[in-house]
Each structure stands twice: as C-alpha cells, then as structure tokens.
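The values are calculated or read from the model by the stated rules, or taken from the named source; none is laboratory data. These figures come from a predicted structure and were not determined experimentally. Positions of Cβ are generated from backbone atoms using ideal geometry, with glycine treated the same way; all protein chains shown enter the neighbour counts. Side chains included, ligands, DNA and RNA excluded: accessible areas come from the protein's heavy atoms. Shrake-Rupley method; radii C 1.70, N 1.55, O 1.52, S 1.80 Å.
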Amino acid sequence: MSLVSSRSGILVAGSANLDFVVRAAHVPAPGETVLGRDFATFPGGKGANQAVACARAGGAATRMLLALGDDPYAQQLEASLRGAGVELLIVRMPGIATGTAFICLADDAENAITVAPGANNTLRATHLPSLANVSHLLLQLETPIDTVTAYAIAAHTVGVKVVLNGAPARELPIALLDALDVLIVNEGELATITGIHGNIAEALTHLSVPCVIVTLGARGACARMRGKFHLQAAYRVDPVDTTGAGDTFCGAFTAALGAGLDLPTALARASAAGALATTRLGAQTGVPEHVEVETFMRSHATTVNNAAALRELAAYCGLPEHN
Ligand code: RIB
C-alpha cells in the first residue's frame with residue numbers, strides 16, 4: 001500500500017466555524033458557572049483549520065469545499081482561508097447561519113467546545129466537485145456522516161487517497177472505513193470507533209484501514225501501517241491554547257503525503273506543526289508556516305525522539321518494545 005498518488009492537489013471537504021472563545025481559570029463542570037476573562041473570536045472549524053494547515057505546510061495546492069451562510073461570520077472565515085492560500089468552493093446557504101463554536105479556553109491550555117453546525121449541516125453528496133487533479137481528500141466529522149461517506153467512496157473509487165480525521169468522536173459506518181487510506185484519531189475517538197478502551201496497540205490492530213494514526217497530545221503519536229507500528233514522541237513546548245492542534249497535525253500530515261514524503265517524515269512534520277500551534281491563541285491563527293516548522297524541527301532534531309521518550313511512549317501504547 002502506498003500513500004503517494006500520481007495526481008497532485010489536496011481537497012479538504014468539511015466544516016468552517018467562527019470560534020467564540022472565553023479564557024477562564026478552568027473549564028466549567030456540569031452545572032457550574034465560571035467567571036471568565038477576555039473574549040475573542042477566531043476563524044475555526046475542523047475542516048477549515050485543516051485546510052489552512054495544509055496550505056501553510058506548502059507543497060501541493062489546497063482547495064476546500066465548505067458550506068457557509070450569507071452573514072458577516074462567513075466573511076471572516078473566507079478571509080482567513082483565502083489569506084492562507086486556500087482556494088474555496090463555497091456552497092452558499094442564504095438564511096442559514098454560518099457554523100459557530102463556543103469554546104472555553106482554560107489556563108492549562110485545554111478547552112471545552114460546543115459546535116452549532118448551522119450551514120455545515122447542509123453539505124451534501126451532490127456538492128462534491130470533480131476530483132481530477134486531486135491526489136488526497138481530507139475529511140472530518142463535523143458535516144453529515146452520509147455526505148462524508150459518499151465523498152470518501154467517490155474519491156476511493158477513482159484512486160484518490162482518502163484521509164479521515166475521526167473527530168468529533170462517533171462510531172463509523174463500515175462503508176466509510178472501507179474507503180479510507182488513512183484514519184487520524186485521538187485516544188478517545190479510537191476507543192469510540194473500536195470499542196476497545198485502554199490498550200492503543202490492541203485497538204489499532206482491530207482496524208483494517210491501511211494506515212491509522214493516534215495522536216496522544218503531549219505524549220506524541222502512534223501509527224500502524226501495513227501491520228507495523230511507528231512512534232513519534234512529542235515536541236516539547238509551553239502550550240497556551242490546544243484548540244486546533246489536532247487539526248494542524250491532520251493538515252500538515254496530509255500536505256506531507258501530498259508532497260510524497262514517507263510516513264515517519266510526515267509524522268514528524270505534523271507533530272512539530274501541531275506542537276507549534278499550541279503556543280499561539282486561536283485555531284487558524286495558531287497554525288504555523290512551513291518555514292517556522294522547519295526551523296523548529298532543526299532546533300529539536302537531536303532531542304525529540306530520544307530513547308527514553310520512545311520507550312515511555314511504547315509502554316503507554318501497550319507495545320512491548322519500540323520496533
Ligand atoms: O478542532 C478545533 C475546532 O473544533 C474549533 O476551531 C471549533 O470550531 C471546532 O470545530
């Protein structure tokens with residue numbers, strides 16, 4: 001199985017949300033009211049964040065298929081995507097609100113997010129454009145599951161490599177799983193999809209998707225491709241906002257595949273981009289440029305995948321030893 005395609009160009013199909021962000025000491029527990037501090041809006045949405053990350057990673061041209069309302073929120077989102085160099089294929093839905101997300105950003109850089117999908121829910125199978133000159137299709141789960149499945153099958157049928165970020169967490173239809181080349185999930189999403197909790201290596205062996213990657217936040221990432229495990233330890237940073245870090249990983253990883261890079265190199269680039277994203281506020285505003293990622297990787301080259309970090313990561317994933 002190869003993750004490389006003879007075509008070029010990446011198509012991201014998915015959501016765009018305007019993020020309403022309040023900083024607070026901690027994320028409120030159910031029934032709790034927390035007095036927050038400053039408030040700001042940022043362009044977000046898993047699909048749009050990933051498109052920005054893909055474009056900023058350089059390499060192949062990035063296009064995005066998205067549904068937006070006809071309101072000022074949509075203008076902010078379009079400006080951010082275009083500013084990053086993403087070509088837009090917009091399904092315009094007058095009278096339907098553009099997607100929004102309500103985020104409590106805690107002082108430990110973690111967050112709690114509620115999404116009001118709005119126009120994102122109107123994306124349909126019929127909206128998929130021609131896939132000529134598309135090498136990789138990048139999908140997430142903030143648009144209707146039937147649409148995501150139809151896009152994945154259509155792309156798979158014509159030989160486009162299909163990458164799915166299985167977020168937000170939900171069980172996945174077999175037809176969707178069968179159409180994937182790459183699945184990227186976090187630990188919770190992996191458990192939801194496989195029904196296996198607690199042992200990452202075991203959960204990974206239950207999936208027949210050719211390449212599955214589990215992102216593990218400050219621990220790093222674990223991938224399984226063609227039955228072989230690959231580990232990538234985390235780059236150490238001081239995070240201020242983890243919003244969009246997973247999206248940055250997905251976009252940078254897909255861009256690396258589009259550029260023909262191998263799995264370990266793509267994993268390293270995506271991890272570095274994701275780590276850098278946590279050092280800045282906002283989802284799309286936090287996505288680093290390719291040149292910053294390269295400089296950052298060079299300065300961490302001798303330390304990131306040291307033996308102790310890889311041993312610890314292997315143990316966490318339930319792998320007997322790092323192979
Ligand atoms: O993954 C982060 C994103 O999730 C935010 O930008 C928010 O819009 C939600 O989609």
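Structure data summary
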{"read-out": "Among the candidates Asp247, Asp241, residue that is within 16 Å of the ligand (Cβ to nearest atom), of a type outside the set (A, V, I, L, M) and part of a loop (DSSP other than H, G, I, E, B)", "value": "Asp241"}
{"read-out": "Selection within segment 108-132 - among the hydroxyl-bearing types (Ser, Thr, Tyr) and either free of Cβ contacts under 8 Å to residues at least 24 places away in the same chain or more than 27 Å from Ile10 (Cβ to Cβ) (or both)", "value": "Thr114, Thr126, Ser130"}
{"read-out": "Members of segment 125-146 found to be within 16 Å of the ligand (Cβ to nearest atom) and not in a loop (DSSP other than H, G, I, E, B), listed by number", "value": "Leu138, Leu139, Ile145"}
{"read-out": "Where a residue in segment 303-319 is over 13 Å from Ser271 (Cβ atoms) and its partner, wherever it lies, is of a type in the set (Val, Ile, Thr), with Cβ under 6 Å and at least six apart", "value": "Cys317/Ile200; Gly318/Ile200"}
{"read-out": "Checklist (1) crowded, with 20+ Cβ neighbours inside 10 Å; (2) of a type in the set (Val, Ile, Thr); (3) touching a Ser or Thr at 6+ places or on another chain (Cβ under 7 Å) applied to Thr254, failing item", "value": "(3)"}
{"read-out": "Arg269 vs. criteria touching a Leu at 6+ places or on another chain (Cβ under 6 Å), touching a residue at least 12 places away in the same chain (Cβ under 8 Å) and more than 16 Å from the ligand (Cβ to nearest atom)", "value": "no"}
{"read-out": "Set Thr254, Thr192, Thr205, Thr243: member being under 23 Å from Ala315 (Cβ atoms) and of a type outside the set (Asp, Glu)", "value": "Thr205"}
{"read-out": "Any hit, segment 211-230, residues being among the β-branched types (Val, Ile, Thr), within 20 Å of the chain's Cα centre (by Cα) and part of a loop (DSSP other than H, G, I, E, B)", "value": "no"}
{"read-out": "Out of Ala61, Ala55, sole residue that is open to solvent by 60 Å² or more (accessible area, probe 1.4 Å), under 22 Å from Val162 (Cβ atoms) and either more than 13 Å from the ligand (Cβ to nearest atom) or not charged (D, E, K, R) (or both)", "value": "Ala61"}
{"read-out": "Of all residues making up segment 5-38, the number that are within 16 Å of the ligand (Cβ to nearest atom) and β-branched (Val, Ile, Thr)", "value": "4"}
{"read-out": "Yes/no for Thr41 being surrounded by fewer than 17 Cβ atoms within 10 Å (Cβ to Cβ), at pLDDT 95 or above and within 16 Å of the ligand (Cβ to nearest atom)", "value": "yes"}
{"read-out": "Matching residues in segment 174-196 - criterion: being surrounded by 13 or more Cβ atoms within 10 Å (Cβ to Cβ), in a loop (DSSP other than H, G, I, E, B) and not hydrophobic (A, V, I, L, M, F, W, C)", "value": "Asp181"}
{"read-out": "Some residue of segment 82-97 being more than 18 Å from the chain's Cα centre (by Cα) and within 12 Å of the ligand (Cβ to nearest atom)", "value": "no"}
{"read-out": "Segment 260-291 - residue that is among the hydrophobic types (A, V, I, L, M, F, W, C) and under 10 Å from Ala57 (Cα atoms) and, of those, surrounded by the fewest Cβ atoms within 10 Å (Cβ to Cβ)", "value": "Val291"}
{"read-out": "Ser15 at pLDDT below 95 and either in contact with a Phe, Trp or Tyr (Cβ under 8 Å, 6 or more places away or on another chain) or open to solvent by less than 60 Å² (accessible area, probe 1.4 Å) (or both)", "value": "no"}
{"read-out": "Qualifying residue in segment 148-163 (condition: open to solvent by less than 10 Å² (accessible area, probe 1.4 Å), assigned to a helix (DSSP H, G or I) and within 16 Å of the ligand (Cβ to nearest atom))", "value": "yes"}
